[in-house]
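Data block below; observations after.
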There are 2 protein chains.
Amino acid sequence: MRKVNLQEKFALFSEHWSPKIVGDLNGQQVKLVKFQGSFVWHHHDDEDELFLVIQGRFRMEFRDHSVALEEGEFLIVPRGVEHRPVADDEVWVLLFEPATTLNTGNTTGELTVATLDRL
Amino acid sequence: MRKVNLQEKFALFSEHWSPKIVGDLNGQQVKLVKFQGSFVWHHHDDEDELFLVIQGRFRMEFRDHSVALEEGEFLIVPRGVEHRPVADDEVWVLLFEPATTLNTGNTTGELTVATLDRL
């Protein structure tokens, strides 16, 4: 059983929009992701997703509003709800979500990462 | 959809060993707990548990070793593994675990909290 230091793990990669798996439990995964700019609009049919800001800030855009998230804040996006994360500057985010979750949800494109690295 | 600020939620309670639910997703829950001292030895038959230190430090004791956890570090304790959290000073911890998880696992006693508050 090994502990995970978030800062150490974040130091191991620099790509944006490419979640890294750092933990598995109960069919769920803990992932770390860095991003900047706008992601694609998408939803997940069967998965709720948690976004916890570890460093920086971003906003989660929905079709009719957005939620601004700062360090130490999290948001759970329920399944079925279309969303798009947007960050003016690079942000570091921890995700909790089912292992089955595809980053781009119901869409696929150049930002889709089907097989995630483990750190 | 409302975001959760961890510091604001931790400011709402002071009891030890009494996890508060702050999020639900995919049959799992996000809980916040403060504690100091030694918990009871226990395990969970069917649930893996994640402990992420938000403020302070503690050690997770196992029967044959222990793991020291600092701020920004997490540990996943797999189902079936006997464990006991111990903190010399008060620590603030985020838990991620199935909604079915009883804090004292296979044991019940004065530290058991069967019905958790939501914040």
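Nothing in this text is a laboratory measurement; each read-out follows from the coordinates by a stated rule. Because the structure is a prediction, the values reported are computed rather than measured. When we count neighbours, we look across all protein chains shown, and the Cβ atoms used for this are built from the backbone with ideal geometry, even at glycine.
A few remarks follow.
- Each of residue B:112 and residue A:3 was given a label point 7 Å from its Cα along the Cα-to-Cβ line. The distance between the two points is 3.0 nm.
- Amide H contacts under 5 Å for residue B:23, placed H, 5+ residues apart: B:30
- Amide H contacts of residue B:108 (H built 1.01 Å from N, in plane; Pro and chain starts excluded): no residue 5 or more places away or on another chain comes under 5 Å.
- Prolate/oblate/rounded call for the range B:1-62, Cα gyration tensor, a/c under 1.5 rounded: oblate
- Note that the range A:63-75 has calculated 3J(HN,Hα) couplings of 5, 10, 6, 9, 10, 8, 10, 10, 3, x, 10, 10, 9 Hz, one per residue in order, obtained from phi through the Karplus relation 6.51 cos²θ - 1.76 cosθ + 1.60 (θ = phi - 60°); glycine and proline are x.
- Nearest-first distances (nm) between copies at residue A:5, label 7 Å from Cα via Cβ: 3.0
- Inter-copy label distances at residue A:109, shortest first and taken from points set 7 Å along Cα to Cβ: 5.6 nm.
- Whether the range B:79-119 is rounded, prolate or oblate, judged on the alpha carbon gyration tensor where a/c under 1.5 counts as rounded: rounded
- Based on Cα contacts under 8 Å between residues 6+ apart, the range B:60-119 shows a relative contact order of 25 percent.
- Summed side-chain charge close to residue B:56 - residues other than residue B:56 whose Cβ falls under 10 Å, Lys, Arg +1, Asp, Glu -1: -3
- Relative contact order [Cα under 8 Å, 6+ residues apart], the range A:9-54, whole percent: 29 percent
- Backbone amide hydrogens, once placed in the peptide plane, bring residue A:49 within less than 5 Å of A:77, A:79, excluding anything fewer than 5 places away on its chain.
- Contact order normalised by residue count of the range B:1-112, Cα under 8 Å, 6+ apart, percent: 32 percent
- Residue order, fewest to most surrounding Cβ atoms within 10 angstrom, among A:90, B:110, A:49: B:110, A:90, A:49
- Label geometry 7 Å along the beta-carbon vector: residue B:57 inter-copy distances in nm: 3.1
- Over the residues of chain A, the helix contribution to mean residue ellipticity at 222 nm works out to -1000 deg cm²/dmol, using -39500 (n - 2.57) for each DSSP H run of at least 4.
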